[in-house]
Amino acid sequence: MVSTVAVLLAGGTGTRLYPASRSDRPKQFLAFGDDDRSLLRRAADRAAFADELYVVTRDGFADEVRDHVPEAAVLTEPAAKDTGPALAYASYRVRERVGDAVVCALPADHVVGDGFRDAVRRGCRVATERDRLVTFGVEPDRPATEYGYVEPDASHGSYADVADFCEKPDPETAAALVDAGCLWNAGMFAWRPDVFLEEAGTGPLAPLVDALREGDPERGYAAVDPVSVDYAVMERTERAAVVPVEFAWDDLGSWDALERLLGTDADGNALASDALTRDAAGNVVASDDKHVSLVGVDDLVVVAYDDRVLVVPKSESQRVRDVVAALRADDAF
């Protein structure tokens, strides 16, 4: 009997949700909207379909992960080097501890709707029965530039081969991809650890895979650069498959995503805090315990947490990363 193991990715800091997300308070431990559960707690509750639950994170976050998800086994990486090394490390440890299993890798910061569990179970069956590396593809509802895309190839009923992956595109390319029937790459995966490690062992993660087999993960991490699992494995393998899904999905990666999570008032403002607006439309407002007033401004993101305030045009909300880079250079993030 193959065990299903959910692995939650919770090692990032969520820089684009600064200043709510900080170096010592990453977004997976925060709650947004009407639900007072943290994003990590919500992800763990969604993973109730699994036989076992693991969380992979960095050492500095491990204790807080245990506070939020006490039922999970916690895997601490030797270093934070993006999703490629994290999932190679987690897959190896799951195989070591659980044996015959299918891993379902789930980011801790996504928002999903009804139908999630059935879709994930379908993907796990494809991974188990077909020895495929499964990614889940969401039907786009707009030509988004903040997501990657998957181009399906030949269909096999519950899944399709992958013809190609496309990283975050420009607006014109995004529109063409949607018209061509491509799917959003949801960043959720399913695979058998043996299959994943075999494919990971032939690309940028090869030194880490070798070092894991030799019992020296620290050496393996030192030998690889930060790299996403998409680039390190999924875009290189011939075993990639996409399972189309119909549930509502969003990546709470930047402040403009709050519009889709919270909805808007009659003037198109998304208000995640105590706020007053006058002749203001299309704004996103969030704070901890601070009252925020907006007068005569449109299409801004205004965020106030702790002693920090962020103001940015909504159309440029991805540029929060530039602010974080500057703050990190001064050890002020």
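Charged side chains reduced to their Cβ positions (Lys and Arg at +1, Asp and Glu at -1) give the chain a dipole of some 600 debye around its Cα centre. The alpha carbon centroids of the stretch 156-180 and the stretch 92-146 are separated by 18 Å.
Relative contact order (percent) for the stretch 1-75, with alpha-carbon contacts under 8 angstrom and 6 or more residues of separation?
Relative contact order comes out at 35 percent.
Ordering Phe61, Ala108, Gly181 by the projection of their Cα atoms onto the charge dipole of the stretch 3-251, which places +1 on the Cβ of Lys and Arg and -1 on the Cβ of Asp and Glu, puts Phe61 at the extreme positive end. One decimal place: the segment Glu214-Glu71 gains 48.5 nm when fully extended, by the rule 0.36 nm per residue minus the C-alpha distance.
For the stretch 114-202, give the magnitude of the charge dipole about the Cα centre (Cβ charges: +1 Lys/Arg, -1 Asp/Glu; no others), in debye to the nearest 20.
My answer is approximately 460 debye.
Taking θ as phi - 60° and the Karplus parameters 6.51, -1.76 and 1.60, the scalar couplings of the stretch 28-40 work out to 5, 9, 9, 10, 10, x, 7, 8, 8, 6, 5, 4, 5 Hz in sequence order, x denoting glycine and proline.
For the stretch 61-68, 3J(HN,Hα) computed residue by residue from phi via the Karplus equation (6.51, -1.76, 1.60; θ = phi - 60°) reads 9, 4, 5, 5, 4, 5, 5, 7 Hz, glycine and proline entered as x.
Only Lys, Arg, Asp and Glu carry charge here, each on its Cβ (+1 for the first two, -1 for the last two); on that basis the stretch 1-63 has a dipole of about 320 debye about its Cα centre. When the charge dipole of the chain is built from unit charges on Cβ atoms (+1 for Lys and Arg, -1 for Asp and Glu) and taken about the Cα centre, the candidate among Tyr221, Ala206, Val94 whose Cα reaches farthest toward its positive end is Val94.
The loop-placed chymotrypsin sites (Phe, Trp or Tyr not before Pro) in the stretch 43-126, going by DSSP, include none that has at most 16 neighbouring Cβ atoms within 10 Å of its Cβ.
Residues whose amide H falls under 5 Å from that of Val312, counting only those 5 or more places apart or on a different chain, are Val301, with hydrogens built in the peptide plane. Across the stretch 255-329, C-alpha contacts under 8 Å between residues 6 or more apart give a mean separation that, scaled by the residue count, equals a relative contact order of 22 percent. Applying 1/(1 + (r/R0)^6) with r as the Cβ-Cβ distance of Asp225 and Thr173 and R0 = 25 angstrom yields a FRET efficiency of 0.40. Scanning residues 5 or more positions from Val102 or on other chains, those with amide H under 5 Å from its amide H are Ser3, Thr4, Val5, with H placed 1.01 Å from N in the peptide plane.
Between Ala266, Ala304, Ala62, the residue with the greatest mean-square fluctuation in the GNM of the chain (Cα pairs under 10 Å linked by springs) is Ala266.
Model label sites at Asp118 and Arg321, defined 7 Å from Cα along the beta-carbon direction, differ in position by 3.6 nm.
Under 19 Å of direct C-alpha separation, and excluding same-chain neighbours fewer than eight residues apart, Lys314 reaches these lysines: Lys168. Straight Cα distances below 16 angstrom link Lys290 to the aspartates and glutamates Asp274, Asp306, Asp307, with same-chain residues fewer than 8 positions distant left out.
With a cap of 14 neighbouring Cβ atoms within 10 Å, and only residues DSSP puts in a loop, list the GluC sites (Glu not before Pro) found in the stretch 230-321. Answer in residue order: Glu238, Glu246.
When both bridge partners sit in the stretch 1-139, DSSP labels roughly 5% of those beta bridges antiparallel. Couplings for the stretch 256-262, taken from phi via the Karplus curve 6.51 cos²θ - 1.76 cosθ + 1.60 with θ = phi - 60°, read 5, 5, 5, 4, 6, 6, 9 Hz in order; Gly and Pro are left as x.
Bridge orientation summary for the chain: considering DSSP beta bridges with both residues in this region, about 45 percent are antiparallel.
Starting from the eigenvalues of the Cα gyration tensor, five times each then square-rooted, give me the equivalent ellipsoid semi-axes of the stretch 255-329, largest first, whole Å. Before the final figure, lay out the partial values.
Numbers: eigenvalues 87, 38, 24 Å².
Semi-axes (√(5λ), whole Å): 21, 14, 11.
Taken along its principal axes, the alpha carbon cloud of the stretch 3-251 reaches lengths of 45, 43, 33 Å, longest axis first. Across the stretch 155-280, the relative contact order, built from alpha-carbon pairs under 8 Å that are at least six residues apart, equals 26 percent. Rounded to two decimals, the Cα-based Rg/Rh of the stretch 15-108, with Kirkwood Rh, is 0.96. Among Thr277, Thr83, Thr13, the largest mean-square fluctuation in a Gaussian network model of the chain (Cα springs under 10 Å) belongs to Thr277.
Only beta bridges with both residues in the stretch 192-333 are counted; by DSSP, about 35 percent of them are antiparallel. Between Gln318, Gly268, Val297, the Cα set farthest toward the positive side of the dipole of the stretch 255-329 (charges on each charged residue's Cβ, about the Cα centre) is that of Gln318.
Rule-based calculations on the coordinates, nothing more; no lab input. Note that this is a predicted model, so its numbers are computed, not measured. So basically every Cβ, Gly included, is an ideal-geometry build from the backbone, and we count neighbours across all protein chains shown.
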